[in-house]
Amino acid sequence: MNTTPNSARPSLSTVEVSIPGHPYPVVIGPGARRRFVSYLAPFHLNRTVWITDRNVAGLWGDEIRSLSGTAAPDLVVLPAGEEQKRLATVEDLCRRFVQLGVERHDTLVACGGGVIGDVVGFAAACYLRGVNFVQLPTTLLAMVDSSVGGKTGVDLPEGKNLVGAFHQPRFVLADPDFLATLPERELRSGLAEVIKTALISGPKLFTELRSFVKRHPDLQGPDLAGLIESCVDFKAGVVEKDEREGGLRRILNFGHTVGHALECLGQYRTLKHGEAVLWGLSAALDLSVRRAGLDPRLETDIQAFLAPFLTAIPPLEFDSGEVLDLLARDKKVRRKVVQFVLLRGVGLPVVTPLADPQILIAALDHLRDRMRAGAAPEGEDREIRD
Ligand code: NAD
Ligand code: GLY
């Protein structure tokens, strides 16, 4: 982690992700995408193959052609959506690479949201036993989180992100100009990862986030780049200490244990990833009071901040027992016990084994009731706590 203003272009910042053996820059700011050719130059031995989804191709196809420096780039366009994040898509993609004659020294360019980044990154990790890839994230979620850190992979019907690999990009260009066309629902979904990062990193980022949301209820604004930079800077600091999630990196899963289960339960269609994470954050805060000593007044305050975002999410009916079964497949399960990331306070995450299913059922029932009630502001229902 080392954030520097970019002297050549003052509106750009660079966060260096200093992963041993695989360091790379994340360039952040309006116009960052136009640095593509200069960042590619040092390691580019052959050609680039661009992969995006239909929505991004429709909106940004001309820009892709311009950035690639050719009117007819090698471009693979996938259907959009989380349902595409599956092994069959990786097989299709690799077969397209064979048809296109993609070689080991070619570079794949993942231009899209987290789905494109995760699928292309995984294909890059597997195809010819590994080729270079770079990330041009086009959603808020991908800019603040998924494009950085080298987690790649796909979902199974049995669970989220259950197949994947660690494969770091060669560079990331996070250009908020792309967000001008992003629907508001997707912006709110991306905000979930900003909230997650703020809650585990500390009061400074949480205050910055709250003030941003107050100033820009539509989540658009020139200072979004600063928020993206703060999130990337924090994530870089974590992944460079623990690339493969042996310990510390688990904190980045705050809100994701229940979130992933809800996403899977909705068959990756009902809830967007960030929406599932928002509910997962709400559940994790509840569990944090029950099991990690989080001050209930602080929880109430954070839940009130989450409430307007939660009310906007489509409802998902679920049975707490079903969610419990899905939790048992979480990647953090050790000897059949789910390891939850909980908070002792803002910036104080703690990984806690939760073996007692009754505690989980109580928290899940509470979550389901709040979903049914449309995420009513906190303060009520406290008697449900064990
Ligand atoms: P996404 O990639 O499905 O994009 C959301 C939607 O926005 C899609 O319909 C897409 O076509 C559209 N879109 C993308 N860019 C656009 C633009 N500029 N203008 C208009 N529309 C645009 O979803 P996402 O929210 O970006 O990412 C979610 C995925 O990221 C999940 O699969 C999640 O598991 C993964 N993720 C991975 C990591 C990681 O570390 N690898 C971290 C967090 C999340
Ligand atoms: N988004 C969780 C991680 O990158 O580890």
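The values are calculated or read from the model by the stated rules, or taken from the named source; none is laboratory data. Values in this document were obtained by computation on a predicted structure and should not be read as measured data. As a convention, Cβ positions derive from the backbone with ideal geometry for all residues, glycine included, and neighbour counts pool all protein chains shown. The protein model used for the area step is the full one, side chains on, heavy atoms only, and it has no ligands, DNA or RNA in it. Shrake-Rupley method; radii C 1.70, N 1.55, O 1.52, S 1.80 Å.
Treating the beta-carbon of each Lys and Arg as +1 and of each Asp and Glu as -1, no other charges, what is the dipole magnitude of region 83-166 about its Cα centre, to the nearest 20 debye?
140
Hand me the trypsin sites (Lys or Arg not before Pro) from region 167-261 located in a DSSP loop with no more than 11 other Cβ atoms within 10 Å, in residue order please.
Answer by residue number: Arg244.
Bin width 20 Å, alpha-carbon pairs only: give the P(r) of the chain as whole percents, running from 0 to the bin holding the largest distance.
It works out to 30, 58, 12, 0, in whole percents.
Go through Gly61, Leu78, Val148 and say which Cα lies farthest out towards the positive end of the charge dipole of region 34-187; charges sit on Cβ, +1 for Lys and Arg, -1 for Asp and Glu.
Val148
Can you classify region 286-357 as rounded, prolate or oblate using the Cα gyration tensor, where a ≥ b ≥ c are the square roots of its eigenvalues, rounded means a/c under 1.5, and otherwise it's prolate if a/b beats b/c and oblate if not?
In terms of gyration-tensor shape, oblate.
When the helices in the chain are scored as -39500 (n - 2.57) per DSSP H run of 4 or longer and the sum is shared across all residues, what 222 nm value do you end up with, to the nearest 500 deg cm²/dmol?
About -13500 deg cm²/dmol.
How large is the dipole of the chain about the Cα centre if only Lys and Arg carry +1 and Asp and Glu carry -1, each at its Cβ, rounded to the nearest 20 debye?
860
If you average the C-alpha positions of region 40-61 and of region 253-289 separately, how far apart do those two centres end up, in angstrom?
31
Give Lys204/Lys241; Lys196/Lys336; Lys214/Lys331 a once-over and call out the pairs whose C-alpha atoms are over 32 Å from each other.
Lys214/Lys331
When we measure straight from the Cα of Lys332, which lysines land under 16 angstrom away, once same-chain ones fewer than 8 places off are left out?
Lys151, Lys160
Calculate how many DSSP beta bridges within the chain are antiparallel, expressed in % of all such bridges and rounded to the nearest 5.
So the antiparallel bridges amount to about 50 percent of the total.
When the chain is treated as a GNM, springs tying every alpha-carbon pair under 10 Å, which of Ala180, Ala142, Ala276 comes out with the largest mean-square fluctuation?
Highest fluctuation of the listed residues: Ala180.
Could you state how much accessible area Val49 has, in square angstrom rounded to the nearest 10, with a 1.4 Å probe and all protein chains kept in place?
Roll a 1.4 Å probe over it and Val49 shows about 0 Å².
Semi-axes of the equivalent ellipsoid of region 58-142: what are they in whole Å, largest first, if each equals the square root of 5 times a C-alpha gyration tensor eigenvalue?
18, 17, 12
Dipole magnitude of region 31-139 about its Cα centre, charges +1 at Lys/Arg Cβ and -1 at Asp/Glu Cβ only, in debye to the nearest 20?
Around 240 debye, computed over region 31-139.
Kindly sort Trp60, Trp50 by accessible area of their heavy atoms, largest first, with the probe set to 1.4 Å.
The most accessible residue leads, giving Trp60, Trp50.
In whole Å, how far is the Cα centre of region 141-165 from that of region 86-117?
First find each Cα centre; the distance between them is then 15 Å.
Grab the Cα-Cα distance for Leu100 and Thr70, subtract it from 0.36 nm times how many residues apart they are, and report the gain in nm with one decimal.
That pair, Leu100 and Thr70, stretches by 9.2 nm at full extension.
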